[in-house]
Number of protein chains: 2
Amino acid sequence: MAEENHKPVRLALIGAGLFTKDAYIPLCRRHASTVQVCAVWSRSAKATDLMLPLIQEFAPNAKGYHGDDQLDNLLRDANVDAVAVVLPVQVMLQVAQKCLKAGKHVLQEKPVAQSVEVVSHAIKEFHKCSQQPVWALAENYRSEQGFLKACQMIHELGTIIKLDLVADMPMNSSNKYFGSQWRRDAEGCPGGFVMDSCVHHIAALRALGIAAGLGQVTEASATALSLSEELPPPDTLVGGVKFASGTPASVSITFAGSVLRFSLSVTGTKGSLEVLRGGWEGGKPGYKLSYQTATSNGAKVEHVPFSGLDDELTAFIHQVNQSKGSPAAPADAVYADAVYRTSVEEGARDLAVIEALLQSSQSAGKTVRVKEIPSRPSN
Amino acid sequence: MAEENHKPVRLALIGAGLFTKDAYIPLCRRHASTVQVCAVWSRSAKATDLMLPLIQEFAPNAKGYHGDDQLDNLLRDANVDAVAVVLPVQVMLQVAQKCLKAGKHVLQEKPVAQSVEVVSHAIKEFHKCSQQPVWALAENYRSEQGFLKACQMIHELGTIIKLDLVADMPMNSSNKYFGSQWRRDAEGCPGGFVMDSCVHHIAALRALGIAAGLGQVTEASATALSLSEELPPPDTLVGGVKFASGTPASVSITFAGSVLRFSLSVTGTKGSLEVLRGGWEGGKPGYKLSYQTATSNGAKVEHVPFSGLDDELTAFIHQVNQSKGSPAAPADAVYADAVYRTSVEEGARDLAVIEALLQSSQSAGKTVRVKEIPSRPSN
């Protein structure tokens, strides 16, 4: 399972904010056998200086960089194989493109961009290049075992009738991302927390639909509301989408509530399933996967721990190693659909659904066609 | 709590079908101290003959009637105080009106009528009469303690953000109502099982909305699907409604699935609640009421047994006794809102929402205004 034939991938962390500290540093520490953090860059010297000692605890040779010029230096360093771009959406894609042009493999955080238009253009430009490093999106919901298991199980549910997404994700002063200013910039981050966070929920919903063979999401309609005085509008979206198959899904999301409760369920003619997080059981990190089918002999309930951040990093490293001329891909499920799970195009499709929901909410819930994102040409 | 000052109300059962047998006979047996079944009538002699011995087990003096002429005889009998009309929707309202004109107090089953137009006309006619017996609707969801407790709790949730209704109610050959022909008559029972059964779900949704002060449901939009070859179309409705306050509720209902799962939840700025039936716990009859508020110290989960049929009968008997010149109404919660819970106008409002959802589904999910039902004039 470990990619033993390879030297660790030398990774630079681009961005030194809260998510780098809370997620990427522990993650890279856990994966130190396959990933060697060799550098950290931030726009400000102060942020770099704060982050570097934390990295050097497990990667003593890591160097610090800051500012535009030093980014150029970093990208000229042939010892850097890959970068993780962990920046606000306003600047992230532009930096990711710069890194790709420098020949670095890129793992980029979500949302993939601030608009479908911007990311569509970037994808076109990328395909024009003769040299194409790995460009992967860190959408951890597509890598969560809770959803992946549900995707496998969906084939036992008969014809899929409908999906239901209820996501109550409290965003108040007790949440560490509450203070984030870049999510409150209506122009640079249109939709605020809704756009930034709902791409996750839509990624999970679409993953289940795709696994069930329902095709892409083609239509969306929604009502938007703003209940919290502390959040940029809107903080609530209630509506629905339709898959190409005609299958409907209800979508009901708020950030203005106070109880975390994420429920994604699928109803089929021969069984049902639900992936639940939070709710009345709370506490235990991870998902509760419940299902019942004609053959399951009553309902089954399984706890599935969080796995998305680890598995998406593993999937990225696998792709980087493959691009170096790896042996045939191992059969392990973590790698099987690595390209799909970290696909930038898939991230653009999640964003396109959010854009359509927001657009519909601005015209009294009128049904809006979801913009299509062409698939990556197979070489 | 028992209405000890009164003689039992003498009740005739009008209709001798499956629901009379399975629900009303055990119910009247349980309530024999306040209700004395004095007669049963059916359109056919055979049905009356089958039902009468079951009634005589606990009401030995009950008599059997059948056919139109004998209904007239029954209604002329001054010993009959009240009737329970338990007939297919195609004929129910007409028979209820006949009973009311004969001066009998009426407890009528749901749906209140096959269309809002028909019931609106009947309500107007009823108000014109100088003599007005009790005309009550047996909508048991409005009497279920599970929902009534949720209605009390809703005031602790802060501002209500949204409601979410997911109702997967399998209707297949293992359900005893599956064979019912009158629910498969597109003209006489438009909407089939969706109309017949969804009035319950909408009653519960509206009860929560009204308790929260959101007002009436004013708008609806939905997609309808037909997945089961064994059910009249449609068997699935996915969409949403809006209350007068602007508060949205998602509505996702199917009869084509195979797992019973009814979830009605409310998300507020200071807490959330859910009333759940079936799902992954199954088995135990009744509802699971879960809630969490700023002051509840974590989530609370309570099992609430079914109570609706008993409490709606008690509410009806209470009104009948009051109309006889009862002493002041007792303070017990079972009686407190008896008129509201058994209101024919409320039943018409539930039906109006279903009509709007079905109408929207016939015009590609376009938003449809819900027809208004005037309130009963207070005398």
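Values quoted throughout were computed directly from the atomic coordinates according to the rules given, and no laboratory measurement underlies them. Computed from a predicted model, the values in this text were never measured in an experiment. Cβ: placed from backbone, ideal geometry, glycine included. Neighbour counts: every protein chain shown.
Helix B:308-323 and the long axis of chain B differ in direction by around 50°, with both axes built from C-alpha atoms. Compactness of segment B:28-174 is given as radius of gyration and Dmax, 18.9, 57 Å, from Cα positions. Residue-level result for chain A: its Cβ closest to the axis carrying A onto B, with that distance in Å, is A:S250, 2.
Output the pairs from A:K300/B:K162; A:K162/B:K288; A:K63/A:K371; B:K101/B:K371; A:K366/B:K124 with a Cα-Cα distance over 32 Å in this structure; if there are none, say none. Over 32 Å Cα-Cα: A:K63/A:K371; A:K366/B:K124.
Placing a label point 7 Å from the Cα of B:D77 along the Cα-to-Cβ direction, the distances to the matching points in the other copies come to 9.7 nm, shortest first. Helix B:45-56 and the longest principal axis of the C-alpha atoms of chain B enclose an angle of approximately 90°. Inter-chain Cβ neighbour count for B:234-246, averaged per residue, equals 3 (cutoff 10 Å, partner chain atoms only).
What is the projected area of the convex hull of the Cα atoms of segment A:139-197, averaged over all directions, in nm²? Mean orientational projected area (segment A:139-197, Cα hull): 5.9 nm².
Checking every one of the chymotrypsin sites (Phe, Trp or Tyr not before Pro) in segment A:54-144 against DSSP loop status and a limit of 15 other Cβ atoms within 10 Å picks out A:F58.
Here each label is just a point 7 Å from Cα along the line to Cβ, and for A:Y340 and B:D310 those points are 5.2 nm apart. Within segment A:249-289, list the residues whose amide N lies under 13 Å from a label point set 7 Å along Cα→Cβ of A:K300. Taking a point 7 Å out along Cα→Cβ of A:K300, the residues of segment A:249-289 whose backbone N falls under 13 Å are A:272-274, A:289.
Dividing the mean sequence gap of close Cα pairs (under 8 Å, 6+ apart) by how many residues segment A:170-312 holds gives a relative contact order of 15 percent. Relative to the longest principal axis of the Cα atoms of chain B, the long axis of helix B:192-211 lies at roughly 70 degrees.
Once backbone amide H atoms are built at 1.01 Å from N, A:S258 has B:G268, B:G271 as its partners under 5 Å, excluding neighbours fewer than 5 places away on the same chain. Sorted from longest to shortest, the spans of the Cα atoms of chain B along the three principal axes equal 56, 47, 44 Å.
Sorted from closest to farthest, the other copies place their A:H155 label points 5.4 nm away, with each point set 7 Å from Cα along Cα→Cβ.
Which lysines have a Cα lying under 16 Å from the Cα of A:K176, excluding residues fewer than 8 positions away in the same chain? Within reach: A:K21.
Working from Cα pairs under 8 Å separated by at least six residues, relative contact order for segment A:24-176 is 14 percent.
Quick one: putting +1 on the C-beta of Lys and Arg, -1 on the C-beta of Asp and Glu, what dipole do you get for the protein assembly as shown around its Cα centre, in Debye to the nearest 20? Write out the running numbers ahead of the final one.
Values: 72 positive and 76 negative charges, 24 e Å.
The dipole magnitude comes to about 120 debye.
Of all lysines in the structure, the ones whose alpha carbon falls short of 16 Å from that of B:K104, not counting any fewer than 8 places away in one chain, are B:K324. Sorting B:353-359, B:183-189 by average packing, meaning the other beta carbons within 10 Å per residue, from highest down gives B:353-359, B:183-189. Remark: label point of A:K366 defined 7 Å out from Cα along the Cα-Cβ vector; separations to the same position in other copies 1.3 nm, ascending.
Measuring r between the beta carbons of A:C129 and A:R76 and using R0 = 22 Å, the FRET efficiency lands at 0.75.
The alpha-carbon positions of the protein assembly as shown define a convex hull whose volume is 159 Å³ per residue.
Listed values for segment A:357-369 are Karplus-derived 3J(HN,Hα) couplings in whole Hz (6.51 cos²θ - 1.76 cosθ + 1.60, θ = phi - 60°), namely 4, 5, 5, 4, 5, 8, 10, 6, x, 4, 5, 10, 6, and x replaces Gly and Pro.
Which percent, nearest 5, of DSSP beta bridges in the protein assembly as shown are antiparallel?
60
As a length-normalised measure over Cα pairs under 8 Å and 6 or more apart, the relative contact order of chain A settles at 18 percent.
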